[in-house]
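What follows is a set of notes on a single structure, which appears directly below.
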Amino acid sequence: MSSNAFGGSNTNVLFNYLCLAGFAQTAGSCVACTAGYYNTVPGSANCAVCAPGYRCTTSAQTICPRGTYSQGGATACTPCGIGQYNLIDGDTSCAPCTAGSACNGTQQTVCAAGTFSLANASVCSTCSPGTYANTTGRTTCVTCQAGSYCTASQSILCAPGTFTSANGQGVCQTCSAGTYAPVAGATSCLNCPVDHQCTSSAATPCAPGFTSTGGTATCTALTACAAGTFRAGGSAASCTACPTGSYQPNTGASSCIVCAAGSYCPNATSSITCSAGTFSVVGSTSCTACATGRYQSLSGQSQCLSCPAGQSCATPSAAPVNCSLGYYSVGGTTSCTPCPPGTLIDITNSACLL
């Protein structure tokens, strides 16, 4: 047996009929087409080379389907490699997959939000924790910023009461007891202030009678202050004695009462009404006796009155007394004076007339 110029081999057999498809017919013999050659016509003298984009048996040429290719003289179509594709039948090559897409041989698909790819990728990769891609066709993922957390496809501000202190965080941390974050997007938590109680997201003042030292989640009850003392604002750490001129008869008070005019406060627990013949101004610790020539016949008063002309005020706690006939006073005196001989008292008893 020997080869010939028709892409076949000699069989040295005489024929008196046509050679089948897949053979080249020469004088007296049929020569089988070699691999990568074909013919489809019985009795044909030549085998043709398989065209690019096709695969061939010796008797048929078949187009390569999309996702495969050939470059001529092929007995089989070659699948596109990983990260390559083509979209038409009979292609002679495959295209590389572009960055931001994934290719499975027969199509190129843009990466969805939350995923990314470099060039020549067969699949899109999911963004790692702490990074995100919020648009399609991404070639990289973005690092999540402090104060936020990330799903694969979005960055979200940490809610009040939570925080992230560094970039690239997948979850927000809750503020620990005694700290709080009142706004979204916090990168740290604040210490709870003195005399406040805190949830993770808010600080509120302690109620009267309660206190906190700061950095604590709850307020604690205070011991009631004794009478004569008070706790400033209702939550001060210690009790304070009432200032001079004020008092507080009750326990557990948050302030003291200023001693009113017409009374006095000899100590921090009581207020006493000034008696007749005395007076006091606001914040007094004692009552003041009416001065000579003045009087106050009522208790609880803030001033003494000047004794009127024609009257005497010998007793500061009693009402003025009219001068007797033949006596006078000019006012502000404790006694009446007799008129000199040869004078007459005026009608008001305030002067003697010649």
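The values are calculated or read from the model by the stated rules, or taken from the named source; none is laboratory data. It should be emphasised that the depicted structure is a prediction, and the values quoted were computed from it without experimental measurement. Cβ: placed from backbone, ideal geometry, glycine included. Neighbour counts: every protein chain shown.
So here's what we get for this one:
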quantity	calculated
Pairs with Cβ under 7 Å, 6+ apart, first in the stretch 40-63 and closer than 16 Å to THR78 by Cβ, second assigned to a strand (DSSP E or B) and among the charged types (D, E, K, R)	THR62/ARG55
Every residue from the stretch 81-93 that is more than 10 Å from CYS64 (Cβ to Cβ), buried (at least 20 other Cβ atoms within 10 Å of the Cβ) and in contact (Cβ under 8 Å) with a residue 24 or more places away in the chain	GLY83, GLN84
Count of the stretch 284-305 residues which are among the hydroxyl-bearing types (Ser, Thr, Tyr), farther than 23 Å from SER329 by Cβ and part of a loop (DSSP other than H, G, I, E, B)	5
Some residue of the stretch 109-120 being closer than 17 Å to TYR69 by Cα and assigned to a loop (DSSP other than H, G, I, E, B)	no
Strands (runs of 3 or more DSSP E) completely within the stretch 13-58 that count 1 or more residues being modelled with pLDDT of 90 or more and among the aromatic types (Phe, Trp, Tyr)	23-26, 54-57
Some residue of the stretch 273-284 being in contact with a Phe, Trp or Tyr (Cβ under 6 Å, 6 or more places away or on another chain), at pLDDT 95 or above and either closer than 30 Å to SER324 by Cβ or polar (S, T, N, Q) (or both)	yes
Filter result for the condition that a residue is within 30 Å of THR273 (Cα to Cα) and of a type in the set (Ser, Thr, Tyr), over SER201, SER238, SER246	SER246
Pick from the stretch 315-333, criterion surrounded by fewer than 17 Cβ atoms within 10 Å (Cβ to Cβ) and farther than 30 Å from CYS259 by Cβ, ranking: modelled with the highest pLDDT	VAL321
Residue in the stretch 129-145 that is out of contact with any strand residue (DSSP E or B) (no Cβ under 8 Å at 6 or more places or on another chain) and among the small types (Gly, Ala, Ser) present	no
Residue list for the stretch 232-263, filter: assigned to a strand (DSSP E or B) and over 43 Å from the mean Cα position of the chain (by Cα)	SER246, TYR247, ILE257, VAL258, SER263
The stretch 320-335 residues that are over 14 Å from ASP346 (Cβ atoms), paired with ones that are among the polar types (S, T, N, Q) and not in a loop (DSSP other than H, G, I, E, B) (beta carbon under 8 Å, 6 or more apart)	PRO320/GLN311; PRO320/SER312; VAL321/GLN311; VAL321/SER312; GLY332/SER306; THR333/SER312; THR334/SER312; SER335/SER312
Single residue of the stretch 65-80 satisfying the filter (assigned to a loop (DSSP other than H, G, I, E, B) and in contact with a Pro (Cβ under 9 Å, 6 or more places away or on another chain)) that is surrounded by the most Cβ atoms within 10 Å (Cβ to Cβ)	SER70
Test result for THR199, crowded, with 16+ Cβ neighbours inside 10 Å and either modelled with pLDDT of 95 or more or within 18 Å of the chain's Cα centre (by Cα) (or both)	no
Filtered residues of the stretch 267-280 (kept if over 9 Å from TYR247 (Cβ atoms) and loosely packed, with under 15 Cβ neighbours inside 10 Å)	THR273
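This table checks each residue for (1) closer than 30 Å to GLN301 by Cβ; (2) out of contact with any Pro (no Cβ under 7 Å at 6 or more places or on another chain); (3) part of a loop (DSSP other than H, G, I, E, B).
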site: GLN197; (1), (2), (3): no, yes, no
site: ALA207; (1), (2), (3): no, yes, yes
site: THR216; (1), (2), (3): no, yes, yes
site: THR223; (1), (2), (3): no, yes, yes
site: ALA227; (1), (2), (3): yes, no, yes
site: CYS265; (1), (2), (3): yes, yes, no
